[in-house]
Amino acid sequence: MTKHPKKKVPDSDDPTNGDIPETEPVNTEDELSRRKRLLDRLFWIRIGLAAIGGVVATFLFESIEGEERRWVSIIFMIVIFVISVVIGKGLKIGLPSSDRKKLVTTGIGT
């Protein structure tokens, strides 16, 4: 039988308990610059997805006529926007809880 090493139990009196992550991101100059760069990247990703989505929707829904074509295209673009939100979350921008809406609102006009 092999012995397994004992797991170290964190000391509840220890203020530097390394198992608990920080709840708010640190606002250093490098971190702010990194967030801005990632938000800019998200903005341009959304512009690219909007342009590609518009071209794809034009040809993909060519056989649909009238009002249905408009609504299918709108729904298609909403789906593309939701995909861009998932991409934005995947970028792990690390926004503070007061700025979480930036993930959705950045480049929304595109």
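Regarding Pro25, is this residue open to solvent by less than 60 Å² (accessible area, probe 1.4 Å) and at pLDDT below 75? Yes; evaluated as a whole, the condition is true for this residue.
Within segment 61-77, the only residue that satisfies the criterion of being farther than 20 Å from Thr110 by Cα, in a helix (DSSP H, G or I) and either open to solvent by 100 Å² or more (accessible area, probe 1.4 Å) or aliphatic (A, V, I, L, M) (or both) is Glu68.
Which of the following residues is more than 24 Å from the chain's Cα centre (by Cα), at pLDDT below 85, surrounded by 11 or more Cβ atoms within 10 Å (Cβ to Cβ) and in a loop (DSSP other than H, G, I, E, B): Pro10, Pro15? The conditions single out Pro10.
The values are calculated or read from the model by the stated rules, or taken from the named source; none is laboratory data. All values derive from a computational prediction rather than experimental measurement. Cβ coordinates were reconstructed from backbone atoms using ideal geometry, including for glycine residues, and neighbour counts include every protein chain displayed. Surface accessibility is based on the protein's heavy atoms, side chains included, excluding ligands, DNA and RNA. Shrake-Rupley method; radii C 1.70, N 1.55, O 1.52, S 1.80 Å.
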